[in-house]
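Trainee: Take this structure first; my questions come after.
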Amino acid sequence: MNKKYVIVGGIIVIAILAFVFWPKGGKTQTVLTTEKVKRGNLTTTVTATGTVEPITLVEIGTQVSGVISKIYVDYNSDVTAGQVIAELDKRMLDSELRTAQASLQSKQVELQQQIRNYNRNKELWEKQAISKADWEDVQTAYETAKLAVTSSEAAVFKANTNLGYATIYSTIDGVVVSRAVEEGQTVAASFSTPTLFTIANDLTKMRVIANVDEADIGQVIEGQRVTFNVDAYPNDEFEGKVVQVRLEATTTSNVVTYEVVIDAPNPDLKLKPGLTANVSIYTLEENNVLMIPTKAMRFNPDPEIIAQVGDGDIEIQNNSNVGQGKKTVWVKNGNNLSQKEISIGTSDGINIQILTGLSDGEEVVTGISQKTDMPAMPENGGESSPFMPQRPGGNKKK
């Protein structure tokens, strides 16, 4: 226990000595903070996330049901418009066509019979050799036979068309992005057209569909420059531009977003469909403009505080030509503060563009701060605490 008390007492003594001998704070001064008028770039951006997509993406399906008998392309296959990419089993469809053709021939034979019957009864009717009712029956049978032939011709056309649908063609030049079927698989097109292949027209021309928050969408317009990156290539930055701002809003978990379409050239084929893009849309770009910090416009000198700046030799020169409601800043020239009227342009929230009123290199006052001058640590010959660590070589005798 005694040892413990000795240690605690020693710590207390060291703390007291450190408080007594530690250098005291220096003098506090009031100083003006200034910034020089300079040229630079003003930019503001809106950030969003989106998905990389081909500009033209076509889903190839089939309008008839059947079994896939042949597939001629696979994933990533290059195809041309009109190229056969798959075939369905045609036996049932061919049978339906032959049945429709046979029915058409039968209806045509019947029509020929009705034509002959019509011509015979027409002569009799003209001679009043048959009754009006009989003549009307002949006319009805003749017209019905003609309509039956027309119906059979339509059935043949439909069966022939369905047989043609059994051969699946590519409708565009491009690359097969996905294939949803295998040989031997049955596809049913009773209620909707099943998708067999998805073909992208040109993967060197991609787009990004970005979801922009409702708070930012008002700043986004067509033609703005865009940069984005994807996780697949974290060190690469891709560029594009806004080509469309869609009006339809999407609400997800009470968050409203709007789709912005961004043109994204892909000459190196690095961008792949489905990649997530982290997008920056440049809503403001002003290069090589004269600018100052925006806080300089909020500075208003208080004579009592200015009297404490430096040695109190700062003189305020009010400009009587500056009217009410004008944009002004205070310029420091030596020991003089003078008010200048300015006209401003765009702002990025930190800096603001100066159109007239200031020139490059002038010093504008942005505020007042407190500065404390700390005394230097005692050197050789000065007082110092014997308990404080010494600088190496600091105790060498001359």
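Trainee: Once the Cβ-Cβ distance between LYS272 and LEU247 is put in as r, and R0 is 30 Å, what FRET efficiency do you end up with, to the nearest 0.05?
Mentor: Taking R0 as 30 Å, the efficiency between LYS272 and LEU247 is 0.55.
Trainee: What FRET efficiency, computed as 1/(1 + (r/R0)^6) with R0 = 56 Å and r the Cβ-Cβ distance, is obtained for GLN105 and ILE209, rounded to the nearest 0.05?
Mentor: 0.50
Trainee: Where nothing but the Cβ of Lys and Arg (+1) and of Asp and Glu (-1) is charged, how large is the charge dipole of the range 85-178 around its Cα centre, in debye to the nearest 20?
Mentor: It works out to roughly 260 debye.
Trainee: Next up: D for the chain, whole µm²/s, Stokes-Einstein with Kirkwood Rh over alpha-carbon pairs at 25 °C and 0.890 mPa s: what number?
Mentor: 77
Trainee: How high is the FRET efficiency between TYR169 and ALA232 when r is their beta carbon distance and R₀ equals 30 Å, given to the nearest 0.05?
Mentor: 0.35
Trainee: Here's another thing I want to ask about it. Using +1 at the C-beta of Lys and Arg and -1 at the C-beta of Asp and Glu, which of ILE306, THR161, ALA215 has the Cα lying farthest in the positive direction of the dipole of the chain?
Mentor: Highest projection toward the positive end goes to ILE306.
Trainee: Given LEU88, ASN201, GLN105, which one lies farthest toward the positive end of the charge dipole of the chain, if we put +1 on the Cβ of every Lys and Arg and -1 on the Cβ of every Asp and Glu?
Mentor: The listed residue farthest towards the positive side: ASN201.
Trainee: I've got another one for you. Based on the mean of other beta carbon atoms within 10 Å per residue, what is the order of 184-190, 277-283, 213-219, most packed first?
Mentor: Answer by packing, highest mean first, reads 277-283, 213-219, 184-190.
Trainee: May I pose another question? Determine the equivalent ellipsoid of the range 186-337 by diagonalising the alpha-carbon gyration tensor, then write out the semi-axes as square roots of 5 times the eigenvalues, largest first, rounded to whole Å. Don't skip to the answer; put the middle values down first.
Mentor: Details: eigenvalues 638, 71, 37 Å².
Square roots of five times the eigenvalues give 56, 19, 14 Å.
Trainee: Return the sequence-ordered ³J(HN,Hα) values of the range 68-81 in whole Hz as given by the Karplus equation 6.51 cos²θ - 1.76 cosθ + 1.60 applied to θ = phi - 60°, using x for Gly and Pro.
Mentor: 5, 9, 9, 10, 9, 10, 9, 4, 6, 6, 7, 10, 10, 4
Trainee: Rank by packing, highest mean first: peptides 247-259, 221-233, with packing defined as the count of other Cβ atoms within 10 Å averaged across residues. Please list the in-between numbers first.
Mentor: Working: 247-259: 10.8, 221-233: 15.4.
Sorting 247-259, 221-233 by mean packing, highest first, produces 221-233, 247-259.
Trainee: Calculate one ³J(HN,Hα) per residue across the range 266-276 by plugging θ = phi - 60° into the Karplus curve 6.51 cos²θ - 1.76 cosθ + 1.60, and present them in order as whole Hz with x for glycine and proline.
Mentor: 9, x, 8, 6, 6, 6, 10, x, x, 5, 8
Trainee: Find how much the distance from ASN254 to GLU315 grows on full extension, using 0.36 nm per residue of separation minus their present alpha carbon separation; answer in nm with one decimal.
Mentor: 16.3 nm
Trainee: Return the long-range amide H neighbours of THR33 (sequence gap of 5 or more, or a different chain), with a cut-off of under 5 Å between placed amide H atoms.
Mentor: Long-range HN contacts for THR33: THR366, GLY367, ILE368, SER369.
Trainee: Compute the distance in nm between two label points, each set 7 Å from the Cα along the Cα-to-Cβ direction, one at ALA129 and one at ALA154.
Mentor: 3.8
Trainee: Contact order normalised by length for the chain, with contacts defined as Cα pairs under 8 Å and 6 or more residues apart; what percent is it?
Mentor: Computed value for the chain: 28 percent relative contact order.
Trainee: Enter the accessible area per residue of the chain (Å², integer; probe 1.4 Å; all protein chains in place).
Mentor: 63
Trainee: Could you state how much accessible area ARG207 has, in square angstrom rounded to the nearest 10, with a 1.4 Å probe and all protein chains kept in place?
Mentor: My reading of the accessible area for ARG207 is about 60 Å².
Trainee: Counting only protein heavy atoms, what percent of the accessible surface of the chain is carbon or sulfur at a 1.4 Å probe?
Mentor: Reported share for carbon and sulfur atoms: 50 percent.
Trainee: Where in the range 276-301 is the amide nitrogen less than 14 Å from a point lying 7 Å along the Cα-to-Cβ axis of GLU239?
Mentor: 282
Trainee: A further question on this structure: In nm, to one decimal, how far is the modelled label at SER190 from the one at GLN219, with both set 7 Å along Cα→Cβ?
Mentor: 5.5
Trainee: Give me a comma-separated list of calculated 3J(HN,Hα) values for the range 182-188, in order, Karplus coefficients 6.51, -1.76, 1.60 applied at θ = phi - 60°, integers in Hz, x for any Gly or Pro.
Mentor: These are the phi-based 3J(HN,Hα) values: 10, 4, x, 7, 8, 10, 10 Hz.
Trainee: What size of dipole, in debye to the nearest 20, comes out for the chain about its Cα centre when the only charges are +1 on Lys and Arg C-beta atoms and -1 on Asp and Glu C-beta atoms?
Mentor: Computed charge dipole of the chain: roughly 1420 debye.
Trainee: Return, ordered by residue number, the residues of the range 234-275 whose backbone nitrogen is under 13 Å from a label point located 7 Å along Cα→Cβ of THR49.
Mentor: Under 13 Å, as judged by backbone N against the label point of THR49, lie 275 of the range 234-275.
Trainee: Return the distance in nm (one decimal) between the two label points of a simple spin-label model at ARG298 and GLU59, each offset 7 Å from Cα along Cα→Cβ.
Mentor: 5.4
The values are calculated or read from the model by the stated rules, or taken from the named source; none is laboratory data. Only a predicted model underlies this, so the values are computations on that prediction, with no experimental measurement involved. Here the Cβ is made from the backbone with ideal geometry for all residues, glycine too, and neighbour counts use every protein chain on show. Accessible surface areas use protein heavy atoms only, side chains included; no ligands, DNA or RNA. Shrake-Rupley method; radii C 1.70, N 1.55, O 1.52, S 1.80 Å.
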